[in-house]
1. Within the range 396-412, track down each residue that is assigned to a strand (DSSP E or B) and either closer than 23 Å to residue 517 by Cα or touching a Pro at 6+ places or on another chain (Cβ under 9 Å) (or both).
2. In the range 4-34, which residues are of a type in the set (Gly, Ala, Ser) and surrounded by 14 or more Cβ atoms within 10 Å (Cβ to Cβ)?
3. In the range 89-124, which residue that is β-branched (Val, Ile, Thr) and touching a residue at least 12 places away in the same chain (Cβ under 8 Å) is surrounded by the fewest Cβ atoms within 10 Å (Cβ to Cβ)?
4. Pick from the range 299-355 the residues that are among the β-branched types (Val, Ile, Thr) and at pLDDT 75 or above: which of them is nearest to residue 504 (Cα to Cα)?
5. Taking the range 468-493 as the region of interest, how many residues are of a type in the set (Gly, Ala, Ser) and either closer than 17 Å to residue 415 by Cα or over 40 Å from the mean Cα position of the chain (by Cα) (or both)?
6. Would you check which residues across the range 46-59 are outside any loop (DSSP other than H, G, I, E, B) and either buried (at least 17 other Cβ atoms within 10 Å of the Cβ) or touching a Leu at 6+ places or on another chain (Cβ under 6 Å) (or both) and list them?
7. Scan the range 20-35 and tell me whether some residue there is at pLDDT 95 or above and more than 18 Å from residue 119 (Cα to Cα).
8. Go through the range 419-445 and give me each residue that's surrounded by 13 or more Cβ atoms within 10 Å (Cβ to Cβ) and either modelled with pLDDT of 90 or more or among the small types (Gly, Ala, Ser) (or both).
Amino acid sequence: MEDTIRVLHVDDDPGFADLTATYLVRECESMVVDTAANAEEAMQRLNLNTYDCVVSDYNMPGTDGISLLRTVKSEFEHLPFILFTGRGSEEVASKAISAGVTDYLQKSSGSEQYTLLANRIENAVSQAQSRQKLEIQRNQLEALHHATGELIECDSTQEIADRLVGAAEDILGFSIVVVRLYDADAGGLVPIAGSDSVSEKLPERDVFTPEGGSLNWQAYETGAVRVYDDIEELAFAADQDTGLRSLLHVPLDEYGTIAVGETTSSAFDETDVFSTRILATAGKTALRAQERESTLRSERDRIERQNDRLNEFATVLSHDLRSPLTVAHGRLELVQEEYDSDNIDAALNAIDRMNTLVDDLLRLAKEPDPDVELRSVSLASVARDCWGTVSVPEATLSIESDQTIDAEPSRLRQLLENLFRNSVEHSSTGNRAKPDDAVKHGATAHRTQPSQADEGARVSIDVRVGGLSDGGFFVEDSGPGIAPDERTDVLEMGYSTSPDNTGFGLAIVKDIATEHGWEMQITESTAGGARFEFV
């Protein structure tokens, strides 16, 4: 409660009004009592001065106490009003309560009535001030909530600092506000934004450093809120002899501080500290979001530059490298018509391998497309077509599903071809399937003829394609499988356990699955080989 309580006593008996004022001041030295003889004079005083409480008689000529109460409540809604009357009755009390009276007290003989009246006034004013503070705090919290949204939408650190200062002035009612942020290059807290009164009240200081011993730096370093009721009583403070008396420092974590000052001592109460901490929390959230956005921008710029280089790389692959390979392949085929040599076959195989490598690199150089156009396609039909391009006599394909899936047909084809090729190329000496098995369920009969070296190394392998209960599908084989500790590595670009492979096939499979929004999992097949599931 404030130190001074200003009371307006309305009574048509001047002698009683003066006596009441005398006793009230004697009971409570902090009271200042003005008197008015009637309702009209009372309203004049209320319009000219600020009062904490009105005490009024009921039975007065002209406008009575109840009518005055209604008028006061209509213009000064939260002003306490005590009806102090010699004419007490249940009817008067009922009307007073209906009109919104704060308290009702009947006059009596003896000085005890003034003691009681003084206590009622103090209680009424205290409760009114508490309600007023709660209302102010509620309004501040609503305004701070709105300010938090505005802080998050700021486009720069400078704008955040400016908004913090503005909120401290406009919402919390502070007069001297400075936001300082830590700058590693400057080696301390640099003033980023301040209220207009800062330049009028305080000397210019660029940086608060650890060596300077400033109160501001202490709050930043400890991360603790600091309140100083009177800096003139301290051994040292940077703002001594400037007219500044009260200081409030609230840290912004690793970012900096909000410093608030006033020219009166003991200016900050618990509500001020609470509200400023809320504002600081909003500021920290905004600064953290701004930091993340800056990092994301840098990363986006880096990715864009990387994509530009990849596009240039893809251009070189698709034209500058593929063209001479095509010419070399054609020339060797002409030579092969004249000469029969294993060396020519080996050279042609090497060129074919180079073309496969170019195709894989071109596929990897393209960003996954999040907007692929999906169509309902037959998994079995696409699988049969793909098998015709990669199969060998020692391998069989079993298709165990007639389901349709939503996929981009060309991407799905690339995915299956890479999985089939992976199964065929990684077949080992383990005999897990009969070499004379045909492709089941209508698989094509087309085969790529292996070289003599391949015939000596390859063994039979069975590849299976089927559906999953949740609508996904799988591809598995009877090959050597993939060890659990390698199932993450095999999806990385360039990883391969064979020197003859590019190591790009499964990385391409992963990209295609990502484009479709499928989750890809590598497990062990029923025959102990590799199993790839897509959900």
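The values are calculated or read from the model by the stated rules, or taken from the named source; none is laboratory data. A quick note: this is a predicted structure, and the numbers were derived from the prediction, not measured. Positions of Cβ are backbone-derived with ideal geometry, glycine not excepted, and every protein chain shown enters the neighbour counts.
1. Matches in the range 396-412: 396, 404, 405, 406, 407.
2. Scanning the range 4-34 gives 17, 21.
3. 115
4. If we take residues in the range 299-355 being among the β-branched types (Val, Ile, Thr) and at pLDDT 75 or above, then 351 is nearest to residue 504 (Cα to Cα).
5. Adding up the residues that qualify gives 4.
6. 46, 53, 54, 55, 56
7. yes
8. Once the filter is applied, which keeps residues that are surrounded by 13 or more Cβ atoms within 10 Å (Cβ to Cβ) and either modelled with pLDDT of 90 or more or among the small types (Gly, Ala, Ser) (or both), the range 419-445 yields 419, 420, 423, 427, 428, 430, 433, 443.
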